[in-house]
Amino acid sequence: MQTSIYTAILAPNASLMSGPGTNTIILGRADEDGALVIDPADAAPAHLDAIVREGERRGGIRKILLTHGHPDHTGGVIELRERLGGVPVYAFSQRATPMLDHEAPDGTTWRVGGDTLLAIHTPGHSFDHLCFLLEGAHILFAGDHISGITTNVIGDLLGYLNALKRLQSFEIAEIVPAHGPTIADAQAKIAEYIHHRLLREQQILFVMQQLGPGATIAQMVAQIYQDIDPKLHPVAAHSVEAHLVKLEQEGIVERQGEGWALKNA
Ligand SMILES: [Zn+2]
């Protein structure tokens, strides 16, 4: 029987933020490299059983990789490592992921399934975020850098846009996000993400012009996000703030009282 390149197992951790749940990825085939898992995500025994079983079919899990230190990705790591007899855990930063065994800087590679998996540092969603590119198959395991369901939460927007632009220089056929379905037209999606952010930035500048100096983030959110569920407004506020911080870094806006103002307006 032909084994697919990877298996995605949906973790039972659905929520407003993680949508249907986190996609736990298992890669590898029954050869000397064995298997590895990306983002165990949840410690539910049935989920760990499914990971271990799929790993055994692929030569046994030898490593655990983490896209970043958020709990809907690192859940189950300690339990899974113990069940597998102490296999090493790799992530970008000990500060974000205290349970790791080895830090994996940008450019780290692992052999798996006759291919090479490359760690690409993609800050933005979190400072420690890694995407993993299976180089021969051109499949990008994108974690929360690119989401299949909703717009993802970004802390450092300037870093995020730079990381997206950097992904444009890799050959990528398919994106497997941590949340939501696989994205087939990878480079079109990356270009759309960049475009979407720049469009949002234009909207913010427009609304600031209308509201005048001292406009608060809440006022801007109310204007820009009229069409979304108010439950998501805190997420939207976070996104607007990230844009304002980027524009501040670029010298386009400045803080004024409780709000923000266009510079030289
Ligand atoms: Zn996250």
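The values are calculated or read from the model by the stated rules, or taken from the named source; none is laboratory data. The model shown is predicted, which means the values in this text are computed figures rather than measured ones. All Cβ positions, even for glycine, are placed from backbone atoms using ideal geometry, and neighbour counts span all protein chains on display. To get the accessible areas, we keep the full protein, side chains included, count just its heavy atoms, and leave off ligands, DNA and RNA. Shrake-Rupley method; radii C 1.70, N 1.55, O 1.52, S 1.80 Å.
Residues of region 17-28 that are touching a helix residue (DSSP H, G or I) at 6+ places or on another chain (Cβ under 9 Å) and part of a loop (DSSP other than H, G, I, E, B): 17, 18, 21, 22. In region 212-252, which residues are under 23 Å from residue 193 (Cα atoms), β-branched (Val, Ile, Thr) and in contact with a Phe, Trp or Tyr (Cβ under 8 Å, 6 or more places away or on another chain)? 217, the sole residue that qualifies. Considering the conditions (1) outside any loop (DSSP other than H, G, I, E, B); (2) over 16 Å from residue 38 (Cβ atoms), residue 119 is excluded by exactly one of them, (2).
Criterion first (within 12 Å of the ligand (Cβ to nearest atom), touching an Asp or Glu at 6+ places or on another chain (Cβ under 8 Å) and either assigned to a loop (DSSP other than H, G, I, E, B) or not charged (D, E, K, R) (or both)) does residue 125 satisfy it? Taking the combined requirement at face value, the residue satisfies it. Taking the criterion of being out of contact with any His (no Cβ under 9 Å at 6 or more places or on another chain), in a loop (DSSP other than H, G, I, E, B), among the small types (Gly, Ala, Ser) and surrounded by fewer than 16 Cβ atoms within 10 Å (Cβ to Cβ), the residues of region 166-206 that qualify are 169, 184. Scanning region 135-165 for residues that are more than 20 Å from residue 200 (Cβ to Cβ) and either part of a helix (DSSP H, G or I) or over 10 Å from the mean Cα position of the chain (by Cα) (or both) yields 135, 136, 137, 138, 139, 140.
Of all residue pairs spaced 6 or more apart or on separate chains, those with beta-carbon atoms under 9 Å, a first member in region 47-74 that is closer than 17 Å to residue 119 by Cα and a second member that is surrounded by fewer than 23 Cβ atoms within 10 Å (Cβ to Cβ) and among the aromatic types (Phe, Trp, Tyr) are 63/90; 63/110; 64/90; 65/90; 65/110; 66/90; 68/127.
Annotation: residue 1 fulfils all but one of (1) surrounded by fewer than 24 Cβ atoms within 10 Å (Cβ to Cβ); (2) of a type outside the set (S, T, N, Q); (3) at pLDDT 95 or above; (4) in a loop (DSSP other than H, G, I, E, B); the unmet one is (3). Evaluate region 135-156: report whether one residue or more is within 16 Å of the ligand (Cβ to nearest atom), open to solvent by less than 10 Å² (accessible area, probe 1.4 Å), on the phi > 0 side of the Ramachandran plot and at pLDDT 95 or above. Scanning region 135-156, I find at least one residue that is within 16 Å of the ligand (Cβ to nearest atom), open to solvent by less than 10 Å² (accessible area, probe 1.4 Å), on the phi > 0 side of the Ramachandran plot and at pLDDT 95 or above, so the answer is yes. Exactly one residue out of 49, 72 is within 25 Å of residue 20 (Cα to Cα), within 16 Å of the ligand (Cβ to nearest atom) and among the charged types (D, E, K, R): that is 72. Taking the conditions (1) open to solvent by less than 40 Å² (accessible area, probe 1.4 Å); (2) at pLDDT below 95; (3) under 15 Å from the mean Cα position of the chain (by Cα) in turn, residue 96 satisfies each one other than (2).
Residue count for region 188-209 under the criterion of being modelled with pLDDT under 95 and more than 25 Å from residue 124 (Cβ to Cβ): the result is 0.
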